[in-house]
Amino acid sequence: RRHTARDNGISARQQDYFRGITPIRQDASSFPSTLNSFGLTYEDLLNENDNSVAEALSLADKDLITGRTRRAKRAIDLSYKRKDLQDYAPNMALDPFKSELGDDIEALQQRDEEFVKLNMHMS
């Protein structure tokens with residue numbers, strides 16, 4: 001039996017949000033554990049060159065940006081040392097699919113789609 005995202009407790013809304021933008025092709029059952037081993041969230045992997053992601057980050061709180069940067073640096077360090085975050089912080093509660101930017105990104109994408117639809121008469 002093939003594992004699906006639903007087997008890992010991912011809601012239908014999260015499935016819709018993450019569909020089509022998965023940067024790493026992995027079995028759905030191992031993806032959350034891989035994120036947890038480095039202390040990352042899924043949103044840390046989103047491409048900052050995507051217009052809606054870049055705009056959401058520019059509008060985000062400074063603490064969110066600082067946390068994202070620190071998680072990325074920690075993940076690089078753990079990868080270099082070939083260590084797992086649980087070796088250093090065994091009791092840390094991790095939620096790899098915690099959404100801090102998701103609503104903003106979704107709203108910005110809807111705004112852009114609406115703009116395109118409203119200006120279709122121009123082309």
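The values are calculated or read from the model by the stated rules, or taken from the named source; none is laboratory data. If you're wondering where the values come from, they're calculated on a predicted model, not measured in any experiment. Positions of Cβ are generated from backbone atoms using ideal geometry, with glycine treated the same way; all protein chains shown enter the neighbour counts. Side chains are part of the model used for accessible areas, which takes the heavy atoms of the whole protein and leaves out ligands, DNA and RNA. Shrake-Rupley method; radii C 1.70, N 1.55, O 1.52, S 1.80 Å.
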Looking at (1) closer than 20 Å to ASP103 by Cβ; (2) surrounded by 11 or more Cβ atoms within 10 Å (Cβ to Cβ), can you tell me which one ALA75 breaks? (1)
Go through region 93-116 and give me each residue that's open to solvent by 80 Å² or more (accessible area, probe 1.4 Å) and not in a helix (DSSP H, G or I). ALA93, ASP95, LYS98
